[in-house]
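Report on one structure; see the data block that follows.
The values are calculated or read from the model by the stated rules, or taken from the named source; none is laboratory data. From a predicted model like this one, the values you see are computed outputs, not experimental measurements. When we count neighbours, we look across all protein chains shown, and the Cβ atoms used for this are built from the backbone with ideal geometry, even at glycine.
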Amino acid sequence: MSVKSFYVHIPFCKKICSYCDFCKLFYSTGYVLDYLNCLEDEILNCYQGEELDTIYIGGGTPSCLSDSELEKLFSILSCLKKSHDCEVTIEANFDSLTKSKLDICKKFGVNRISFGLETTHPWILKKMNRDLDLDYVKEIISYCKSIGIFNINVDLMYAFVGESVKEVEEDIDFILSLDVNHVSCYSLILEENTKLYIDNEKEISEDVDFSMYEVIKKKLADSGFCHYEISNFGKDGYFSKHNLCYWKNDCYYGVGLGASGYLGDVRYQNTRSIQHYLQKKYRLEEEKLDLYDKMEYEVILNLRTKYGISKKKFKKRYGKNFEEVYSYHDLVRDGYLVDDGEYVVIPDGFWYLSNEILVKLLEGVING
């Protein structure tokens, strides 16, 4: 498979969110310049010059970089060859993205912004260790559009103990008032080594979680959003091309602290140690995939989307018919999977149970 996507990790944050298990560290000007120099070295040593359809700058909080640091980052990334309609995304928080930084992003070809809003409710923001000025949110979204960046995602996080379905509705209503074209919605997961986990935060009941999920789905569907992936909703023409690369099980580069990538037969993970990274010890581990590993990834990732598994593509990639590898007709009979002859999909009504469905499907390997 050719490589068409490139992920860049910027780990720095001005504040550490209480729920976040991503690779991150406190912003330090001393670290940033050294880090960017090593990032450039890693790119020059791994990138093979392919023309890219997507570039994604994630974190951490890329928008916490200063104007000059952001300029340096984009200067480093200028070696990447972009297709004529390349989707270039940067993640941002409203408390660190300024109009001058947006101007820099626009100058260097960023055409998609992914904002971490998470919630509009002060008590949940406090629990998250986040700040948010709703008036500034409106102002900065408006400024994005004024400079020609209309491909905007807003993240929502829900399912906190004490949160009501009504509060989730209010969050969605605020997001809809911003007139953006993409929304990502994540139910809180308590990951080890996060402050919430250490503080013994509890999870809400599955019934309440499901009720919130259903409300989100309905309100977004009623407003013209397509539910194209378990956690993602987009208007026509605004689905995330980069994330679809992951869900289609396509190859991609991943550079930076803690980044992962998939090249050829290898999935790899970079070190999460800033000391090791600054010593140019980038790669932590590699997983050499055999045929059945690749097929398993294909199943797990493809079934996250409304497109599901293409039987034709499966046969072309792996030389086997899907039915030769997986026994899944019981799942079709019970309605958990739909097989129309060309695609196998989890119907939208059962996406909430996707993990359980995947376990049953992967247990049905005929010849693994």
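Yes or no: residue 225 hydrophobic (A, V, I, L, M, F, W, C), closer than 30 Å to residue 47 by Cα, assigned by TED's automatic domain parsing to the domain that holds residue 50 and in contact with a strand residue (DSSP E or B) (Cβ under 6 Å, 6 or more places away or on another chain)?
On the way: hydrophobic (A, V, I, L, M, F, W, C): yes; closer than 30 Å to residue 47 by Cα: no; assigned by TED's automatic domain parsing to the domain that holds residue 50: yes; in contact with a strand residue (DSSP E or B) (Cβ under 6 Å, 6 or more places away or on another chain): yes.
In short, no.
If we scan segment 234-257, do we find a residue that is surrounded by fewer than 19 Cβ atoms within 10 Å (Cβ to Cβ) and among the polar types (S, T, N, Q)?
Within segment 234-257 (the criterion being surrounded by fewer than 19 Cβ atoms within 10 Å (Cβ to Cβ) and among the polar types (S, T, N, Q)), the answer is no, since none of the residues qualifies.
Pick from 307, 268, 297: which is assigned to a strand (DSSP E or B) and under 18 Å from the mean Cα position of the chain (by Cα)?
268
Sort through 150, 94 and tell me the only one that's of a type in the set (Phe, Trp, Tyr) and farther than 26 Å from residue 195 by Cβ.
Checking each option against the conditions leaves just 150.
Considering each residue of segment 166-207, count those that are surrounded by 16 or more Cβ atoms within 10 Å (Cβ to Cβ) and part of a helix (DSSP H, G or I), and give that number.
Of the residues in segment 166-207, the ones surrounded by 16 or more Cβ atoms within 10 Å (Cβ to Cβ) are 167-168, 171-172, 174-176, 178, 180-185, 187-188, 194, 196, 201, 204.
So of that shortlist, the ones also part of a helix (DSSP H, G or I) come out as 167-168, 171-172, 174-176, 196.
Adding up the residues that qualify gives 8.
Results for (1) at pLDDT 95 or above; (2) within 25 Å of residue 365 (Cα to Cα), shown as yes or no for each residue.
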{"residue": "219", "(1), (2)": "yes, no"}
{"residue": "229", "(1), (2)": "yes, yes"}
{"residue": "270", "(1), (2)": "yes, no"}
{"residue": "285", "(1), (2)": "yes, no"}
{"residue": "292", "(1), (2)": "no, yes"}
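Failed condition for residue 78, given (1) exposed (fewer than 14 other Cβ atoms within 10 Å of the Cβ); (2) within 24 Å of residue 24 (Cβ to Cβ), with all others met?
(2)
Taking segment 139-149 as the region of interest, how many residues are touching a residue at least 24 places away in the same chain (Cβ under 8 Å) and surrounded by fewer than 14 Cβ atoms within 10 Å (Cβ to Cβ)?
2
Just to be sure before I move on: is residue 223 under 20 Å from residue 22 (Cβ atoms) and of a type outside the set (Phe, Trp, Tyr) in the structure I sent?
no
Search segment 283-311 for residues that are in contact (Cβ under 8 Å) with a residue 60 or more places away in the chain and pair each with any residue that is exposed (fewer than 15 other Cβ atoms within 10 Å of the Cβ) when their beta-carbon atoms are under 6 Å apart and the residues are at least 6 apart or on different chains.
Pairs that qualify, where the first residue is in contact (Cβ under 8 Å) with a residue 60 or more places away in the chain and the partner is exposed (fewer than 15 other Cβ atoms within 10 Å of the Cβ), are 292/368.
Any residue at all in segment 192-208 that's closer than 15 Å to residue 235 by Cα and under 22 Å from the mean Cα position of the chain (by Cα)? Lay out the reasoning, then the answer.
Quick first cut of segment 192-208, residues closer than 15 Å to residue 235 by Cα only: none.
No, the conditions are met nowhere in segment 192-208.
For segment 295-303, does any single residue satisfy the condition of being over 15 Å from residue 249 (Cβ atoms) and buried (at least 18 other Cβ atoms within 10 Å of the Cβ)?
Looking through segment 295-303, none of the residues is over 15 Å from residue 249 (Cβ atoms) and buried (at least 18 other Cβ atoms within 10 Å of the Cβ).
Would you say residue 119 is within 16 Å of residue 153 (Cα to Cα) and in contact with a Lys or Arg (Cβ under 7 Å, 6 or more places away or on another chain)?
In short, no.
Can you pull out every residue in segment 271-294 that is assigned to a loop (DSSP other than H, G, I, E, B) and not hydroxyl-bearing (Ser, Thr, Tyr)?
Residues of segment 271-294 that are assigned to a loop (DSSP other than H, G, I, E, B), as a first pass: 271-273, 279-282, 289-290.
Answer for segment 271-294, where residues must be assigned to a loop (DSSP other than H, G, I, E, B) and not hydroxyl-bearing (Ser, Thr, Tyr): 272, 279, 280, 281, 289, 290.
Of the conditions (1) surrounded by 12 or more Cβ atoms within 10 Å (Cβ to Cβ); (2) within 22 Å of residue 248 (Cβ to Cβ), residue 319 fails just one. Which one is it?
Here residue 319 meets the rest and fails (1).
Give me the residue from segment 101-114 that is within 21 Å of residue 138 (Cβ to Cβ) and out of contact with any strand residue (DSSP E or B) (no Cβ under 9 Å at 6 or more places or on another chain) and, out of that set, surrounded by the most Cβ atoms within 10 Å (Cβ to Cβ).
Among residues in segment 101-114 that are within 21 Å of residue 138 (Cβ to Cβ) and out of contact with any strand residue (DSSP E or B) (no Cβ under 9 Å at 6 or more places or on another chain), the one surrounded by the most Cβ atoms within 10 Å (Cβ to Cβ) is 106.
For residue 256, indicate whether it is out of contact with any Cys (no Cβ under 7 Å at 6 or more places or on another chain), on the phi > 0 side of the Ramachandran plot and not assigned by TED's automatic domain parsing to the domain that holds residue 30.
Yes; evaluated as a whole, the condition is true for this residue.
So in segment 81-100, with the set limited to residues that are of a type in the set (A, V, I, L, M, F, W, C) and out of contact with any Asp or Glu (no Cβ under 9 Å at 6 or more places or on another chain), which one is surrounded by the most Cβ atoms within 10 Å (Cβ to Cβ)?
Per the criteria, the residue is 90.
Out of all the residues in segment 225-241, is one or more more than 30 Å from residue 269 (Cα to Cα) and either part of a helix (DSSP H, G or I) or among the basic types (Lys, Arg) (or both)?
Yes - at least one qualifying residue is present in segment 225-241.
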